Amino acid sequence: MKKIYFDNAATTQISNEVVSVMSDVMKNNFGNPSSMHSFGRSSKALLELSRKYISEKLNVTPSEIIFTSGGTESNNMIIKSVVESLNVKRIISTKIEHKAVLNSIETISKKKKLSLVFLHVDSFGNPDINHLKKLLESSNDKTLVSLMHINNEIGTMINLNSYGEICESYNALFHSDTVQTIGHYDLDLSKTKIDFITCSAHKFHGPKGVGFIYVKNGTNLIPFIEGGGQERGMRGGTESIHNIAGLKKAFELSYESLQRDAKDVLKIKKHFINSIKKSIPEVKINGNFSEDNSSYAILNLCLPISVDKKTLLNFKLDLAGIACSAGSACQSGSSQPSHVLSELLSKNEMEKISLRFSFSKYNSVDEVDYVIEFLKKFIKDNN
């Protein structure tokens, strides 16, 4: 059976080079990096070389990179530690953030009795920058602004500096969930008006269970996980050296071939858009799809199929060997409609099926043709 994986926004295939590096580290660098003997020093060297490589690529200092278990912990860590440490009285975000952000800001706001305000977003998922400015003008309360760079469901991408400059001018702290960004786009954080970002290795062909945060120098945060003082005292617990080495290798490989891979993946996305518009004219693209305002790897489509056919479609997709998604894979087992699409689509559009297709360097144009033919047939047979 043909197998097509178009769910790369959920997770990516780990590259062979990364597996090889991780295997070697597990065999030969098993020492605890906090130990003073040679085994520990060997692991410590790997840890700090990985940190240094990542920091140089992002144009920051090594001390600003803190290793974590991935995107969810990273977002929780930043939001909750910032509120606890820096006398934050208000949080500004949107209702289309990843659940790791939404649930974190809602929990900490209730716990600390903070003001929580959601920005208006347009039908493409762009946060209203004028609304942000008005909110920041309206109060001198210490504010944390959290806006994701690339939306994981619809692919809409914001200009970080545009929002960051406004935050800076009003002395607000700015955090962005950049889980769908790292490994896919160049970021020079020395030229970006931002205080905190997040990363997860498995979104760019690295291992699951590891990521990092960037915390701008001069920002003193209390520990998120208390323990032995690892990770600059911000995250206790023995570092997962093989995972961090895998992250570093995946990070390195991603940026070595970034321009070529981005061009190839964008070609696949463009082919998908052009072909499906010809084959299924009634289709609607959810979110932005221009090159400048959208991820080259994510495409979300509203199909002319009633939502009551969702179970049948999922079953048929799986039988055909096609992996895609109705939304974030992180909402495991949920039968609820996408919280992102619920904010953006009309009632009539929400009564139709939307699917997210997300691509990587391991995909091809031929796979797109196969998927479109499947969708065309399914719609013909079930409408």
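Read the figures in this text as sums done on the coordinates, not as results from a lab. In this text the structure is predicted, and so the values were computed from the model without any measurement. Neighbour counts are summed over all protein chains in view; Cβ atoms, including those assigned to glycine, are modelled from backbone coordinates with ideal geometry.
Where a ≥ b ≥ c are the square roots of the eigenvalues of the C-alpha gyration tensor, would you call region 65-119 rounded, which needs a/c under 1.5, or, failing that, prolate if a/b is larger than b/c, or oblate? Don't jump to the answer; show the numbers that get you there.
Working: a/c = 2.14, a/b = 1.29, b/c = 1.66.
Taking the square roots of the gyration eigenvalues as a ≥ b ≥ c, region 65-119 is oblate.
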Assertion target for 178, 192, ordered by fewest C-beta neighbours within 10 angstrom first, is 192, 178
May I ask which of 89/193; 113/191; 277/347; 142/203 have a Cα-Cα span longer than 29 Å here? 113/191; 142/203
Note on region 334-383: alpha-carbon gyration tensor, axes a ≥ b ≥ c; rule is a/c under 1.5 for rounded, else prolate if a/b larger than b/c, else oblate; result oblate
Got the relative contact order for region 16-256 handy, in percent, Cα pairs under 8 Å and 6 or more residues apart? 26 percent
Would you list which aspartates and glutamates come within 19 Å of residue 216, measuring only between C-alpha atoms, while excluding same-chain residues fewer than 8 positions from it? 48, 56, 64, 73, 84, 165, 168, 177, 186, 188, 195, 231
Dipole check, region 109-212, charges on Cβ (K,R +1; D,E -1), about Cα centroid: among 173, 150, 109 the Cα furthest to the positive pole belongs to 109
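Please list the three semi-axes, largest first and in whole Å, of the ellipsoid equivalent to region 202-345, using sqrt of 5 times the eigenvalues of its alpha carbon gyration tensor.
Values: eigenvalues 272, 86, 53 Å².
They are 37, 21, 16 Å, listed largest first.
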Find how many whole Å separate the alpha carbon centroid of region 180-222 from the alpha carbon centroid of region 232-279. 13 Å
Alpha-carbon centroid distance for the pair region 97-158 / region 1-77, whole angstrom: 29 Å
Estimated distance in nm for a label pair at residue 274 and residue 138, the labels positioned 7 Å out from Cα along Cα-to-Cβ: 4.6 nm
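Looking at the chain, send over the antiparallel percent of its DSSP beta bridges, to the nearest 5.
Of those bridges, close to 60 percent are antiparallel.
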Provide the net charge surrounding residue 250, with neighbours chosen by a C-beta distance below 14 Å and charges set as Lys +1, Arg +1, Asp -1, Glu -1. +2
Residues of region 252-266 with backbone N under 15 Å of the label point set 7 Å from the Cα of residue 17 along Cα→Cβ are 252-262
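Please report, in debye to the nearest 20, how large the charge dipole of region 16-256 is about its Cα centre when each Lys and Arg carries +1 at its beta carbon and each Asp and Glu carries -1 there.
Values: 27 positive and 25 negative charges, 128 e Å.
Roughly 620 debye, rounded to the nearest 20.
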Among 38, 197, 340, the residue whose Cα sits farthest towards the positive end of the charge dipole of the chain (+1 at Cβ of Lys and Arg, -1 at Cβ of Asp and Glu, taken about the Cα centre) is 340
Charge dipole of the chain built from unit charges on the beta carbon (Lys, Arg +1; Asp, Glu -1), centred at mean Cα; most positive-end Cα among 138, 242, 271 is 242
Just to check I understand the Karplus step: with θ = phi - 60° and J = 6.51 cos²θ - 1.76 cosθ + 1.60, what whole-Hz values come out for region 254-263, glycine and proline as x? 4, 7, 5, 10, 4, 5, 5, 5, 4, 5
Please give the net charge around residue 75, taking every other residue with its beta carbon less than 13 angstrom from that of residue 75, where Lys and Arg add +1 and Asp and Glu add -1. -2
In whole angstrom, and with the biggest value first, how far do the Cα coordinates of the chain range along each principal axis? 66, 56, 35
Quick calc: nm separation of the 7 Å Cα→Cβ label points for residue 35 and residue 103 -> 3.6 nm
